[in-house]
1. Sort 70-77, 104-111, 178-185 by the packing proxy (mean of other Cβ within 10 Å over each peptide's residues), most packed first.
2. Using alpha carbon centroids, what distance separates segment 132-146 and segment 48-79, in Å?
3. Report the FRET efficiency, 1/(1 + (r/R0)^6), for GLU111 and THR2, where r is their Cβ-Cβ distance and R0 is 25 Å, rounded to 0.05.
4. Going by C-beta contacts inside 10 Å, put ASP90, ASP153 in order with the fewest on the left.
5. Output the relative contact order of segment 3-93, whole-number percent, from Cα pairs under 8 angstrom with separation of 6+ residues.
6. When Lys and Arg each count +1 and Asp and Glu each count -1, what net charge do the other residues less than 9 Å away from ILE74, Cβ to Cβ, add up to?
7. Which order results if THR58, THR2 are arranged by neighbouring Cβ count within 10 Å, fewest first?
8. Suppose the chain between TYR79 and LEU51 were pulled fully straight at 0.36 nm per residue; how much longer would it get relative to their current alpha carbon spacing?
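Nothing in this text is a laboratory measurement; each read-out follows from the coordinates by a stated rule. Quick caveat: nothing in here was measured; it's all calculated off a predicted structure. All Cβ positions, even for glycine, are placed from backbone atoms using ideal geometry, and neighbour counts span all protein chains on display.
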Amino acid sequence: MTIKLNANLRTNLGRKAKYVREAGKIPAVVYGHKTENANLELNYVEFVKILEEAGESTILDVSVDGKEPLKALISDVQYSPVSGRISHVDLHQVNMKEKINAHVEIKFVGESRVVKEESGMIMHNISEVEIRCLPSDLIHEIIVDVSSLNNFDDTITLAGLNLPSNIEILDHEDEDIVAIAVEPKAQVEEAPAVEAVPAEGEADAASAESAEIAPEKK
């Protein structure tokens, strides 16, 4: 999947970034191995659509001022803590002949029999992995079908994801569990009633009251 991102070179670095944002743009920088950093401006609306579609694991064709596009990944997206809007973007230019690392989301699909028929649950132990491969082999997401989990304690491991041999998963073992079918949570038993213990002052008053002697009958 190839997605094009248009950008403009930001040469007037004395111009404050807030004015760029007020103009509906996002300050950005593109960098890479043996590549000189370049300060860019991105159209806010266009970039948000691309981010939703591509995420951070899709190669983009970034065209700067209409020139021949360069290949890049969305490396980092920063957000304003006040408005929640995107405030800055880092783009990482890649060499299509060199392997790269990227974080890829695991997307769970399907419905397990233990959920549908026995009110069980599917526990997702891993939701994202870091992979290493050539940029041309990069995948946007990993699909895991949990409908194969037919019994309690059935599992799907990383070894069972059936990824292409040219994609390496980092920092995990083959036997690491991605998803497991578990029994429904047992209902919490109602705690037995506990006799109230009077406060220190109340206890003293109660003791004094019990020590009083009833008056004699006439």
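1. On the way: 70-77: 18.2, 104-111: 14.2, 178-185: 16.6.
The peptides rank, most packed first, as 70-77, 178-185, 104-111.
2. Each part reduced to its Cα centre gives a spacing of 17 Å.
3. On the way: r = 33 Å, r/R0 = 1.34.
After rounding to 0.05, the efficiency reads 0.15.
4. On the way: ASP90 15, ASP153 10.
Ranking ASP90, ASP153 by Cβ neighbours within 10 Å, fewest first, gives ASP153, ASP90.
5. Working: 169 pairs, mean separation 30.2, N = 91.
Computed value for segment 3-93: 33 percent relative contact order.
6. Working: positive: none; negative: GLU56, ASP76, ASP90.
Neighbourhood net charge equals -3.
7. On the way: THR58 19, THR2 10.
Result, fewest neighbours first: THR2, THR58.
8. 8.8 nm
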